[in-house]
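J.: Just passing along the structure, written as structure tokens.
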Amino acid sequence: MDLPLKGDPVPDEHHVLRHCSGTAIEKDDTGEPIGVTKDAFADDDPEGVFVTWIEYFAQSADPERAAINAICATRTVRRKNRFAKFNVGLIKAAGRDADVPLGVEHDPIPRNDGHSLIKGLANDHAELMNRLALDLVGLLSPP
Amino acid sequence: MNAHLVERSMVRATSPGTPQLCDAFRRNTGMADAPYQFVCQGTNLVAFNETARTDCRLSVSSAQGMGRAAQFNLALAGTAIGGKAWAGSSLAISSGSIQLNGGARDPIGWTTVMGSAVTTALDHIYIGTFAPETLTVEACAILGAFGQFNLTLADPTLADPMPADASVDETSTLARFRKILETWRGRLFTGTLDRLDRQLSHLLEDEEDLAELSRTPDPRTFEALLSYLAARPWIKAPSLTLTRDGIFVANWRPAREAKARLSLDFLDERRVRWSAADARDERKGPTMAGGVCSLSDLDEHLRPYRGWICL
């Protein structure tokens, strides 16, 4: 495929990883993570919510691990942090359900070529964030 | 003891099956001649024996049909292991109000409480103890003034209390919040207190993670959450998370890992932000709701989610 450019939309069937603090991870009484909360999407950056495009690393033997390594190269990742995996099409569908147009755009940064942004999500969209968090596909641990 | 309540409920006869309960009622109500009736589940009265339980729940429904208001009177008698009596304040009802009378411990360790409430649908009565007491409810009687009620006992499936962790640094965030939680002992049911302690330990154990929040965890919002739960003992202890601003968030799901969740952000002592999302029914499509309101208005907003949050 052609190399995606900054601003290109991430295809609906693809997935992104969101780096989550331990404080936004819902746990059962044994401490086992069972999901992420709306606060996993809280982000002060006006450009959008930072995510990493997994399929960007499709040439890698383990694209998920490659995406996690790219995140770890640009951010401090702690033992209790997790990487929440979401489907792009479901993110956009949840936005449509709430009449909030959402998009996921490629936004490469140094040391993380798969870096992308969820556009259109504001911190006051608590209900929509709660809804998005329910569409979690998987929760991955740091290396 | 409020004799008026007893008279109004037209208590009758005496069952031979629960002599201890009958004796306790007589002693504690001072109505030695009052004829009480205790019969088996499935009628308007029920007797049961539950031992070594910290909290339990009784479900009551009107035999007159859903949506029809009916008054019922409730009487409970019991004792507690360890010689401590349980108090009337440990009873709660999930809708309407219940006025409790009695609660004093009699000379041989039994306590009797009586109350009156109005229900229009399936309702629940929560019986809890405040640690370190352990409850033994010997019997329960429910007496319908205007109709019959069905009463069943439900087990809220309580986990074992978490043992104290000697390795916790006394100056840590976790230790500070555990101290706050400890000050609420006696105002929260034992099961709720234990679960909150476990949730706190998972949430606050990593100081480096907490250091990355925009603000440190806010004790005021934690106390607002505890105050909310203490006033509503029929609500299950939630799972806990934090916002980036250090605000405590209480989360409930209708079932573990169900694609539905209610979250309450306790913004301060008076205000709460609530958000609910339900994506379980793919045919009907997802629903979302939420807003910011006063704590006093919150119960009305949460009415559709009672099944998610009640014990």
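Each reported figure results from applying straightforward, stated rules to the coordinates on display, with no laboratory input. Source: prediction; values computed, not measured. For neighbour counting, all protein chains shown are included, and Cβ atoms are generated from backbone atoms with ideal geometry for every residue, glycine included.
J.: Looking at the square roots a ≥ b ≥ c of the eigenvalues of the Cα gyration tensor of chain A, which shape do they give, rounded for a/c under 1.5, prolate if a/b is larger than b/c, or oblate? Could you put the intermediate results ahead of the total?
T.: Details: a/c = 1.63, a/b = 1.09, b/c = 1.50.
Note, shape of chain A comes out oblate.
J.: Next question. With an 8 Å Cα cut-off and a minimum separation of 6 or more residues, compute the relative contact order for the range B:173-311 in percent.
T.: 19
J.: Turning to a different aspect of this structure: Extending each Cα 7 Å along its Cβ direction at A:ASP45 and B:ALA175, get the distance between those two points in nm, one decimal.
T.: Placing both labels 7 Å beyond Cα along the Cβ direction yields 3.7 nm.
J.: Counting only other chains, what is the mean number of Cβ atoms within 10 angstrom of the Cβ of each residue in peptide B:234-242?
T.: 4
J.: Still on this structure, I have one more. Just tell me how shielded A:76-86 is by partners: mean number of partner chain Cβ atoms within 10 Å of each residue's Cβ, no decimals.
T.: Numbers: counts 2, 0, 5, 3, 6, 3, 0, 0, 0, 0, 0.
Across A:76-86, the average partner-chain Cβ count within 10 Å equals 2.
J.: Starting from the Cα-Cα distance between B:SER296 and B:THR216, subtract it from 0.36 nm times their residue separation and give me the gain in nm to one decimal.
T.: Roughly 26.1 nm would be gained on extension.
J.: Just to check I understand the Karplus step: with θ = phi - 60° and J = 6.51 cos²θ - 1.76 cosθ + 1.60, what whole-Hz values come out for the range A:47-53, glycine and proline as x?
T.: Result, rounded to whole Hz: 6, x, 8, 5, 9, 10, 6.
J.: Could I have the simple spin-label model distance between A:ASP113 and B:ARG306, label points 7 Å from Cα toward Cβ, reported in nm to one decimal?
T.: Roughly 5.8 nm, to one decimal.
J.: Here is a follow-up. Counting partner chain Cβ atoms within 10 Å of every residue's Cβ in A:24-37, what's the average?
T.: For peptide A:24-37, the averaged partner shielding equals 6.
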